[in-house]
1. Which label belongs to the value computed from this structure, given these candidates for P(r) over Cα pairs in 20 Å bins from 0, in percent: (i) 23, 47, 23, 6, 1, 0; (ii) 26, 53, 21, 0; (iii) 28, 54, 17, 0?
2. Which chymotrypsin sites (Phe, Trp or Tyr not before Pro) does the range 138-211 hold that lie in a coil by DSSP with at most 11 other beta carbons within 10 Å?
3. I need the shape label for the range 58-111. Rule: rounded when a/c is under 1.5, else prolate if a/b > b/c, else oblate, with a, b, c from the alpha carbon gyration tensor.
4. Using a 10 angstrom cutoff on alpha carbons, build the Gaussian network for the chain and name the most mobile of F294, F332, F363.
5. So what is the relative contact order for the range 68-197, in percent, with contacts set as C-alpha pairs under 8 Å and at least six apart?
6. Of T111, T126, which has the most accessible area and how do the rest follow, probe 1.4 Å?
7. In the range 363-381, whose amide N lies under 12 Å from the spot 7 Å out along Cα-to-Cβ of K92? List them in ranges.
8. Taking every alpha carbon pair in the range 171-223, what does the distance histogram look like in 10 angstrom bins from 0, in percent?
Amino acid sequence: MKRLRTFIALAAVSLVLAGCGDLSNSSMSTNSGSSKSGSTQLTGQSTDSDYEGVIQSGHYQVSKSRGVTNTQDSGNTYNLKSFENGMLNVSKKVFSTKKYVFQEGQYLSSTTVQNWLDRKSKSNTTGLNPTDNGSKSASKRNPIYIQALEEQDYMTQKNNKLSLGGVTIGIAVNSVDYYKKTQYGATYETKITQAAGEAYAKKAANTVLKRLRQKSALKNVPIVIAVYRQASNDSLVGGNFLAYSTNKAGSTSVSKWTPLNVKNYTFPLSSGQSSPNSNDASSFSNFKSQVENFFPNLSGVTAQAQYDGKSLAGMHVNITTQFYSQTEIISFTQYLQTTAQKYLPSGVPIDITVSSTDGIQSFLSRTKNEKKFTSHVFNSY
């Protein structure tokens, strides 16, 4: 039985289409090899750092293998967003947002991806995960290495026509494989080292590349393959990308990998843990103290921080509390604007979400080039 499930990955749309501007190119034709005939529009860009998306006959082009992944019990929802957002960041290194248009994967079907993610067996010779050796021991069993596989297409536009210009494939490998010895029994764990998971994914990448080249539409386009390591189910942040390879048109084997040094942290740091830059941890600690002294009954002030090497790349701050009036929300948000500007690291994108048991109450954000935070309080009529 396949250990598979599907997720409704709405995060992918929000990450790619950070905001929909005016529809550019109200009508154009496509030459993508699999798009249905009909008028094609683009979503427009909110910023130069975002890709435009494809609208086909008035509908957003969702992925042909939308949300397929191996079952991991309760899972870690941060992995899904981190995986998709990280794929976009890797793609931007190769496919410029000024020259390429984003389209959800149109060449790998759900059935194909499900078969590739399953174990290799007599009934499924295309499985990328190892055969089941029958062992239930955590140290002896063959674990599920590859957790997810996703396709992103990048289109070029010429003379009001879109054609496929390149493809990015993300291969997500587990840091922990969760399994049951009996159908409704306890959950056990097989830990997978980074070295073992990365080596397995890179070997599978060659197989994936050869299979993609067998599709006529993918024979002569650049294909980027990126390897992602999933965080464990109990992690408060998602995983991170380890390496990527840019494969020229027509190539059937991966010749070179470019390492990535992107890692995620949770603030405040756990005991014994250190971040690449201690000043960032101190800045957040001071911000947290100021916020807690200002407003009573705070349930928590935490942050997800991402580093590229030793440099902070961005931060997501989450504040949870209980409000008793709309004026409390307004005053608290105003205070956060000045306090965040004073204490949180400058020169990096930061967003702050303020929530209560009733949902999100306000939101603040600042781009890396801005000094002041903008805010929005969610009111009701």
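1. Correct label, based on the coordinates given: (ii).
2. Those that pass, being in a loop and sparsely packed, are Y184.
3. Oblate shape, in that a/c is at least 1.5 and b/c is the bigger or equal ratio.
4. F294
5. 23
6. Putting T111, T126 in descending order of accessible area: T111, T126.
7. The answer is 368-369, whose backbone nitrogens lie closer than 12 Å to the label point.
8. 21, 30, 26, 17, 6
The values are calculated or read from the model by the stated rules, or taken from the named source; none is laboratory data. Keep in mind that what you see is a predicted model, and the values were worked out from it rather than measured. FYI the Cβ positions are ideal-geometry reconstructions off the backbone, even for glycines, and counts take in every protein chain you see. Accessible surface areas use protein heavy atoms only, side chains included; no ligands, DNA or RNA. Shrake-Rupley method; radii C 1.70, N 1.55, O 1.52, S 1.80 Å.
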